[in-house]
1. Could we say that Leu132 is loosely packed, with under 14 Cβ neighbours inside 10 Å, at negative phi, more than 12 Å from the chain's Cα centre (by Cα) and hydrophobic (A, V, I, L, M, F, W, C) here?
2. Between a residue in segment 130-155 that is more than 11 Å from Leu113 (Cβ to Cβ) and any residue that is of a type in the set (Asp, Glu) and part of a loop (DSSP other than H, G, I, E, B), which pairs come within a Cβ distance under 9 Å, given they are 6 or more apart or on different chains?
3. Against the definition (among the small types (Gly, Ala, Ser), modelled with pLDDT under 95 and under 23 Å from Asn39 (Cβ atoms)), how does Ser143 come out, yes or no?
4. Under the condition of being part of a strand (DSSP E or B) and closer than 26 Å to Arg54 by Cβ, which residue from segment 146-164 is modelled with the lowest pLDDT?
5. So is Lys55 among the basic types (Lys, Arg), within 15 Å of His135 (Cα to Cα) and in contact (Cβ under 8 Å) with a residue 40 or more places away in the chain or not?
6. Does segment 94-123 hold any residues that are in contact with a Pro (Cβ under 9 Å, 6 or more places away or on another chain) and under 17 Å from Asn39 (Cα atoms), and which are they?
7. Which residues, taken from segment 126-145, are among the hydrophobic types (A, V, I, L, M, F, W, C), outside any strand (DSSP E or B) and within 15 Å of Lys48 (Cα to Cα)?
8. For His135, which of the numbered conditions (1) closer than 25 Å to Lys30 by Cβ; (2) in contact with a Ser or Thr (Cβ under 7 Å, 6 or more places away or on another chain) fails to hold?
Amino acid sequence: MRVKSILTYCMGILLVLAVGCGVFNRPETKNGYYVRHYNACGPEAVGKALTKFRKYKKRVSRTKISQDIQDNGNTWRHLASLIDKEGVEITCPSEIAEVCRQYGFIVIPISNLNRLDPLKDVALVLVRKGLLEWHWLCFPADSFITDYYGDDTVISKIYLLKELP
């Protein structure tokens, strides 16, 4: 009897957590794409990075980059949107690596921002504050990477971009 009560309690908690405002206030979609993701930091950072390479003289729009990211799957965005519609703005590191590969680049994880040369290197940097605030930035386009969240800024990932041969 006690196990059944605990299970019922856990299921109730899970149901309450799963039914956030996103269930009732769905994020806007257009042609199967989450529109809020078009202006998210992931597509923006990738767009800035692409403009640093000569082969992309014409800027690739954030909308196109976002659609390319979403074409590879929206599982995390869909699940996050059930809790809050802003969850569709998430771009995972694996998605960044994949979209960069699609545009002709490999990403090389590095551990220290100081290893980058602002005249030669282009990198995508994921910073965070605590557990819930994350943001993609582009080195060297964004000059405030180390203090994006002030003293609370933690650099989580650094992906150096190199053109595929």
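The values are calculated or read from the model by the stated rules, or taken from the named source; none is laboratory data. Here the structure is a predicted model, which means the values were calculated and not measured. Because the Cβ atoms are built from the backbone with ideal geometry, glycine has one as well, and the counts that use them run over all protein chains shown.
1. Answer is yes for this residue.
2. Close Cβ pairs satisfying both conditions: Tyr148/Asp142.
3. For Ser143, the condition - among the small types (Gly, Ala, Ser), modelled with pLDDT under 95 and under 23 Å from Asn39 (Cβ atoms) - is met.
4. Only one residue fits best here, namely Glu163.
5. no
6. Val99
7. Ala141, Phe144, Ile145
8. Checking His135 against (1) closer than 25 Å to Lys30 by Cβ; (2) in contact with a Ser or Thr (Cβ under 7 Å, 6 or more places away or on another chain), the one that fails is (2).
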